[in-house]
Amino acid sequence: MAPLVNIEGLSVAFNGVPVLRGVDLALGKGEALGLVGESGSGKSVTWLAALGLLPRHAKVTGSVRLNGREILGAPAAQLDRVRGGRVAMIFQDPASALNPVLTIRKQLCESLALHRDLQGNAVKAEARRLLDLVGIPDAGRRLEAYPHEFSGGQVQRIMIAMALAGNPDVLIADEPTTALDATIQAQILELLSSIRCEFGMAMVLISHDLGVVAENCDRVAVMYAGRIVEEAPSNQLFADPVHPYAQSLIGALPPLDGPRRRLTAIPGTVPDPAMMPDGCAFAPRCALASDPCGLAAPTLAPIANERAVACIRAEASRRALLGIAAE
Amino acid sequence: MGRYLAIRFGRAALTIVLVVTFAFVVLRLSGDPALMILGPEAPPEVLAAFRKAWGLDDPIWFQYLDYFGAIAKGELGRSMRDGRPAIELVLERIPATLALTLPAFFFKVVLGIPAGIYAALHRGSAIDRAVMMTAVAGFTVPSFVLALLLVLVFAVQLGWLPSGGQDSWRHAILPIVTLSLGGAAVLARFTRSAMLEVLGQPYIRTASAKGVPWRKVVTSHALPNAAIPTVTILGFMVGTLIAGAVVVESVFSWPGVGRLLVVAVANRDLAVVQCILLLVAMTMVTSNLVVDFLYGFLDPRLRAKGAHA
Amino acid sequence: MSPPLVEVTEISRSYSMRSGMFGRTAAVHAVDGVSLTIPKGQTLGLVGESGSGKSTTGRIVLGLEPPDSGEVRFDGKSMAAPVTAAWRTQRARMQMIFQDPLGALDRRLPVATQIREPLDIHGLGTPAEREDRVRDLLRAVELTPAHGARYPGALSGGQRQRIVLARALATKPDFLVCDEPVSALDVSIQAQVVNLLCDLQAQLGLTLLFISHDLRVVRQISNVVAVMYLGRIVEIGSADDLFARPEHPYTQALVSASPAPGRRSAGRIVLAGDPPNPAARPQGCAFHPRCPRAIARCAREVPALSTVGGNRQVACHLVTGAETRDAA
């Protein structure tokens, strides 16, 4: 089956500083793909670049195909039909994601007018139905309210309603629950998964939270310093991570039950994009790094069915994880 | 809402009282009107009679109360120079001033706001840099320097326009240009930064991600938000319509309120100075009130706060 | 069990808050009858969502804010009134670190100068000794003197939080209140700081009050954990089994909402409703409108915190009620 979205060699540079360095990623119809990584890993930039949402001074190269059609560098009119129509996006900060001076009705109906062939009263009726659908009580009256009259969780629901307005094939959710309290986060994730089931929509969940991604996605890609370092079905990734970075990331997460153990802290910090080390970007922080790691950046290579990793020490790393003495 | 209004109006009244008090104190402390008007050679008994006639020999707090009492009754005093009511002197100068400041206000808005928006939308472009350089020059160069430069070029060198006076519409061109350029520069810079701030907000990205065409993102999402800070500076400009042309009127010998003020201050013609200051304070305060209500209209977040009162 | 260093008895604190610019004032009960005991050298974790009053509790315990009622005792003595000499002496023994290290540091000063500042203020040691102490502190938080010469802007988020920690430790405090100290940090850096805190606590015998919304981090670092909801403690118990066997329906929902790798979302308890508003506290048990198991009594009576076995205390009619029935 041909992928719904196919990204190849996507690279982004801001003022000559590379922040995304060749990302290959495919998304199937109806699939839930997770993208995890720490700040600066390029997980959001990947999708902002794919949809042409980066500022003009960003230099974007590579290829992004939606249903086989190239959308990178496509004319503005074509992109405007894709955005919100085929691919919808929701963002992290609910407090500022909606226009403060426009009513919810204006903002919701704007999406409907752009992507749906609806006229007059039908637009408002559909807006009300969408608000109902995402669980905003008293939708008819609340349409006339302004964003500041809603709580963070409700704004995120409205964002989801707006995203659904165009009947998209894919929803890109960029840290949709990071700014929310735990119980509200659970509500929003529940809503996203029920909507996904109902509409058969594909979803890309971008998060720094491994737990959130693991629970809500079929497949996960781990990003580090502008590249994908490991890609795997989510249950396999968490049971058996191969890339040393993925391993450390999982080890850095304190357990919620069972015995307490010392956390795996990764020494040092994420490299500055302007001073990226030669070879593997993770090598300076990697416990398993050897001389060849500094020579060339490893490519993402398949290691099993549906699994790929970008590490020349992958085999050693796997053995280390299993507790087998290396060599 | 009633309480909100009451507080606003109370504050406005307080501002006016403070301005008038300040003017009263400064003018009384800075020199003796009798000496200024009659000259140092005037005989002492004439000076004493003048002081008695204008109440200048009363204790200063008495003069102050007297003055406020008169204002409350609507009497703004008489000019010490020619004895005419101060208000009359001031009012007859207003049309001349407005003949300069109203067209200038129009040009400020028509030039400054679009230039600022354009510069923000094309940030870093050659046009943005040109607009910003002009804007910086526009408000760092004092208006009298600009006025003199314009006179030098268009009146002295080229001889196209008169250098001063009020005989025809052609006399108004250079003063209006002087006033417009400075104001347009301020407005352009302000609009540009307001617009850049708004364009960086997440809700602009949300609109683009919804598939709203860029032109519409700008007009229906960015501009209404950028209007909120821009209204502040516009309100200030409306406030200066009466007395914002003091320097320009002096340079071009334009017989407006500004020149009257300069002459009155030089002569310690207290009633006239105070009358003008009262008028200026009132226009300033009124335009501030209008701005406050416009905020409520433009920004629903403030409207909600008002509604609770 | 070691003697308590910090004893908090029935503290309450309310603010009057206006809705809107000129709206009616309403009393907001930020903290309502909270009692806590922290033994020397141990860590008490305080978890809750926004509006739970956990940060206000921290500020009161530290003496930054007076409680309306109730008492905070530090090392057996009642907290002195703010800005008296006795208060200063007590305060030098307690320090606080916050979520945002950049906000806590002065951008215009090298960080070593800022670590030294408390020593200069309290006049501790000779200038040479202070220099040595700064070097030791930098080493203690696993940084080098070279880092000390830098400005906050030139350090990463994790490094800045270490600097804040080093400064907090300068006066050799006995007690440290940490309010969301790792929430703004990436996972791998968060692990560094959590490990460091654990190590320092073991080395220096520090007593900690650790405030966070993150159950995992709180469990990792705490001996005892208290869960707060709308200004009250709803459950308290040992960190090892509180999250493994939560009793209060709210704690159960929190644990269930905390995503776990390797578990799919099936069977998650999803609470209805918005996060609670401290200005409109429901009658009875504050949690009852969102509680999936609420009964009529929950809307009328505020449940008291009572022991249900071991060192676990729960404030819930359903949990404690069951106990009473069993006893009867």
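The values are calculated or read from the model by the stated rules, or taken from the named source; none is laboratory data. These numbers come from a predicted model, not from an experiment. Cβ atoms come from the backbone with ideal geometry, glycine included; neighbour counts cover every protein chain shown.
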Considering each residue of the stretch A:231-261, count those that are in a loop (DSSP other than H, G, I, E, B) and either of a type outside the set (D, E) or buried (at least 22 other Cβ atoms within 10 Å of the Cβ) (or both), and give that number. 12
Report yes if A:G22 is in contact with a strand residue (DSSP E or B) (Cβ under 9 Å, 6 or more places away or on another chain), at pLDDT below 95 and not in a strand (DSSP E or B), otherwise no. no
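Residues checked against (1) surrounded by 22 or more Cβ atoms within 10 Å (Cβ to Cβ); (2) in a loop (DSSP other than H, G, I, E, B); (3) within 16 Å of the chain's Cα centre (by Cα):
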site	(1), (2), (3)
C:K172	no, yes, no
C:Q201	no, no, yes
C:R245	no, yes, no
C:P259	yes, yes, no
Here are some conditions: (1) more than 8 Å from chain B (Cβ to nearest Cβ); (2) more than 19 Å from the chain's Cα centre (by Cα); (3) touching a residue at least 60 places away in the same chain (Cβ under 8 Å). A:R86 meets all but one. Which one does it not meet? (2)
Looking at A:L98, is it buried (at least 20 other Cβ atoms within 10 Å of the Cβ), more than 14 Å from chain B (Cβ to nearest Cβ), touching a residue at least 24 places away in the same chain (Cβ under 8 Å) and among the aliphatic types (A, V, I, L, M)? no
For the condition under 14 Å from the mean Cα position of the chain (by Cα) and either closer than 29 Å to C:I189 by Cα or not aromatic (F, W, Y) (or both), what is the one hit in C:L36, C:L109? C:L36
What are the residue pairs meeting all of these: first residue in the stretch A:252-269, first residue more than 7 Å from chain C (Cβ to nearest Cβ) and at positive phi, second residue of a type in the set (D, E, K, R) and crowded, with 17+ Cβ neighbours inside 10 Å, Cβ atoms under 8 Å, and 6 or more apart or on different chains? A:G268/A:R285
Hey, among C:V225, C:V194, which residue is under 15 Å from the mean Cα position of the chain (by Cα), facing chain A (nearest Cβ under 8 Å) and of a type in the set (V, I, T)? C:V194
Tell me which of these A:I160 doesn't satisfy, since it passes every other one: (1) closer than 27 Å to B:R123 by Cα; (2) crowded, with 19+ Cβ neighbours inside 10 Å; (3) touching a residue at least 40 places away in the same chain (Cβ under 8 Å); (4) not aromatic (F, W, Y). (1)
Test of understanding: among A:G84, A:G73, which residue is at positive phi, crowded, with 18+ Cβ neighbours inside 10 Å and not basic (K, R)? A:G84
A:R196 vs. criteria among the basic types (K, R), out of contact with any helix residue (DSSP H, G or I) (no Cβ under 8 Å at 6 or more places or on another chain) and within 29 Å of A:L51 (Cβ to Cβ): yes
Taking the condition farther than 15 Å from B:D32 by Cα and at pLDDT below 85, does B:E75 pass? yes
Check whether at least one residue in the stretch A:136-148 is away from every other protein chain (no Cβ under 11 Å), in contact (Cβ under 8 Å) with a residue 60 or more places away in the chain and out of contact with any Asp or Glu (no Cβ under 6 Å at 6 or more places or on another chain), and report yes or no. no
Conditions first: (1) aliphatic (A, V, I, L, M); (2) modelled with pLDDT of 85 or more; (3) buried (at least 20 other Cβ atoms within 10 Å of the Cβ). B:V248 passes all but one, so which condition is the exception? (2)
Which residues, counting only those in the stretch B:198-230, are surrounded by fewer than 19 Cβ atoms within 10 Å (Cβ to Cβ), in contact with a helix residue (DSSP H, G or I) (Cβ under 9 Å, 6 or more places away or on another chain) and either more than 12 Å from chain A (Cβ to nearest Cβ) or without any contact (Cβ under 8 Å) to a residue 24 or more places away in the chain (or both)? B:P202, B:P213, B:W214, B:K216, B:S220, B:P229
Of these, A:A297, A:A304, which one is surrounded by fewer than 17 Cβ atoms within 10 Å (Cβ to Cβ) and of a type in the set (A, V, I, L, M)? A:A304
If you go through the stretch A:165-211 one residue at a time, how many are more than 14 Å from chain C (Cβ to nearest Cβ), closer than 14 Å to A:V134 by Cα and surrounded by 21 or more Cβ atoms within 10 Å (Cβ to Cβ)? 1
Being hydrophobic (A, V, I, L, M, F, W, C), outside the structural domain of C:S16 (by TED's automatic domain parsing), closer than 22 Å to A:L180 by Cβ and out of contact with any strand residue (DSSP E or B) (no Cβ under 6 Å at 6 or more places or on another chain) is true for just one of C:A299, C:A280, C:A294, C:A253. Which residue is that? C:A280
State whether the residues of the stretch B:139-150 include one that is assigned to a helix (DSSP H, G or I), without any contact (Cβ under 8 Å) to a residue 12 or more places away in the chain and within 18 Å of the chain's Cα centre (by Cα). yes
Specify which of the listed residues (A:R318, A:R285) is of a type in the set (D, E, K, R), modelled with pLDDT under 85 and surrounded by 15 or more Cβ atoms within 10 Å (Cβ to Cβ). A:R318
Options A:K29, A:K59: the member that is in a loop (DSSP other than H, G, I, E, B), surrounded by fewer than 18 Cβ atoms within 10 Å (Cβ to Cβ) and more than 14 Å from chain C (Cβ to nearest Cβ): A:K29
Only one of (1) assigned by TED's automatic domain parsing to the domain that holds C:V8; (2) in contact (Cβ under 8 Å) with a residue 12 or more places away in the chain; (3) over 30 Å from C:D274 (Cα atoms) fails for C:P110. Which number is that? (1)
Residue within the stretch C:262-270 that is surrounded by 22 or more Cβ atoms within 10 Å (Cβ to Cβ), at negative phi and not assigned by TED's automatic domain parsing to the domain that holds C:G158 present: no
Would you pick out the residues in the stretch A:62-101 that are within 19 Å of A:L164 (Cβ to Cβ), aliphatic (A, V, I, L, M) and not in a strand (DSSP E or B)? A:V82, A:A97, A:L98
So which residues in the stretch B:238-248 are in contact with a Ser or Thr (Cβ under 9 Å, 6 or more places away or on another chain) and under 30 Å from B:A70 (Cα atoms), if there are any at all? B:V238, B:G239, B:T240, B:L241, B:I242, B:A243, B:G244, B:A245
Here, strands (runs of 3 or more DSSP E) confined to the stretch C:19-106 with at least 3 residues that are of a type in the set (A, V, I, L, M, F, W, C) and closer than 30 Å to A:T177 by Cα are C:25-39, C:43-47
